[in-house]
Each structure stands twice: as structure tokens, then as C-alpha cells.
1. Just one of (1) open to solvent by 90 Å² or more (accessible area, probe 1.4 Å); (2) in a helix (DSSP H, G or I); (3) hydrophobic (A, V, I, L, M, F, W, C) trips up Val55, so point out which.
2. Give the stretch 58-76 a look and list any residue that's out of contact with any Leu (no Cβ under 6 Å at 6 or more places or on another chain) and surrounded by 14 or more Cβ atoms within 10 Å (Cβ to Cβ), or say none.
3. Can you find, within the stretch 15-59, the residue that is nearest to Val69 (Cα to Cα) among those that are of a type in the set (Ser, Thr, Tyr) and near the ligand (Cβ under 9 Å from one of its atoms)?
4. Kindly evaluate Phe70 against the criterion of being more than 14 Å from the ligand (Cβ to nearest atom), on the phi < 0 side of the Ramachandran plot and within 12 Å of the chain's Cα centre (by Cα).
5. Quick check on the stretch 26-52: of everything there that is among the polar types (S, T, N, Q) and within 17 Å of Ala88 (Cβ to Cβ), which residue is surrounded by the fewest Cβ atoms within 10 Å (Cβ to Cβ)?
6. Mind listing whichever residues of the stretch 77-101 are assigned to a helix (DSSP H, G or I) and open to solvent by less than 70 Å² (accessible area, probe 1.4 Å)?
7. Would you mind telling me which numbered condition in (1) touching a residue at least 24 places away in the same chain (Cβ under 8 Å); (2) outside any strand (DSSP E or B); (3) touching a helix residue (DSSP H, G or I) at 6+ places or on another chain (Cβ under 8 Å) Asp29 fails?
Amino acid sequence: MSNVDLQTRTKAKPKVERPKLHKVILVNDDYTPREFVVRILKTEFRMTEDQAYKVMLTAHQRGVCVVAVFTKDVAETKATRATDAARAKGYPLLFTTEPEE
Ligand code: TYC
């Protein structure tokens, strides 16, 4: 022990930042049917009927609603998949992402 210098015995403690989580945000529009929004939330975000209905209604009334938070990659993939599923049916429904503070 005596011939081991302080540097090697002192454990370096690098600051590792927790990766920021990203919100998936549901955006309201005037054309997508409510039932379709609920269906997308259930299939793409594994929500129950009740959860999906509440999120849909909040976006409908307030303009946007946070659906869930994920790591950046997962949030972006899910938002794209959900938006594409709506586009495939001809609806303008939009999911975006935003980093949490
Ligand atoms: N505003 C739509 C309607 O009245 C329903 C809707 C709700 C659309 C939420 C998008 O994110 C949305 N048919």
C-alpha cells in the first residue's frame, strides 16, 4: 500500500450525466377522427382505452398533450411510426418530440 501513490488509489469519479428523456407530444388537428386518435394511442403506445381517451381529449381541448417519455431514439421512432400510421390512412395527425428540461 505504501508504495502505491495517491493517484492510483483515489478512484476517479467522472460525472456521467443521465441521458435526457424526450416527450412524445400529440398535436390536435381539425380532421383526424377522435376514434382514430384513440386507436393509434392504444396500438402504438400500449395505452388502455381510458388512458388513450383522456390523452386524446386533452390534445383536442388544449392543442397538445404529452403522451409519454422515452430515451431520444425511442421517442423519435415512436412519434414517426404513429405519424406514419395516420398518414397511411390519409389523416394529418401529428406526433412530435421534445427534450425534457
Ligand atoms: N380535433 C379532432 C376532431 O375533433 C380530434 C383530435 C383529437 C385530433 C386529438 C387530433 O391530437 C388530436 N375530430
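The values are calculated or read from the model by the stated rules, or taken from the named source; none is laboratory data. Here the structure is a predicted model, which is why all the values come from computation and not from measurement. Glycine gets a Cβ as well: all are built from the backbone with ideal geometry, and neighbour counts include every protein chain shown. Quick note on the areas: whole protein, heavy atoms, side chains included, nothing else; ligands and nucleic acids left out. Shrake-Rupley method; radii C 1.70, N 1.55, O 1.52, S 1.80 Å.
1. Among (1) open to solvent by 90 Å² or more (accessible area, probe 1.4 Å); (2) in a helix (DSSP H, G or I); (3) hydrophobic (A, V, I, L, M, F, W, C), the lone unmet condition for Val55 is (1).
2. Thr58, His60, Val64, Val66, Ala68, Phe70, Val74, Ala75, Glu76
3. Ranking the candidates gives Thr58 first.
4. On the way: more than 14 Å from the ligand (Cβ to nearest atom): yes; on the phi < 0 side of the Ramachandran plot: yes; within 12 Å of the chain's Cα centre (by Cα): yes.
For Phe70, the condition - more than 14 Å from the ligand (Cβ to nearest atom), on the phi < 0 side of the Ramachandran plot and within 12 Å of the chain's Cα centre (by Cα) - is met.
5. Thr43
6. Within the stretch 77-101, Lys78, Ala79, Ala82, Thr83, Ala85, Ala86 qualify.
7. (3)
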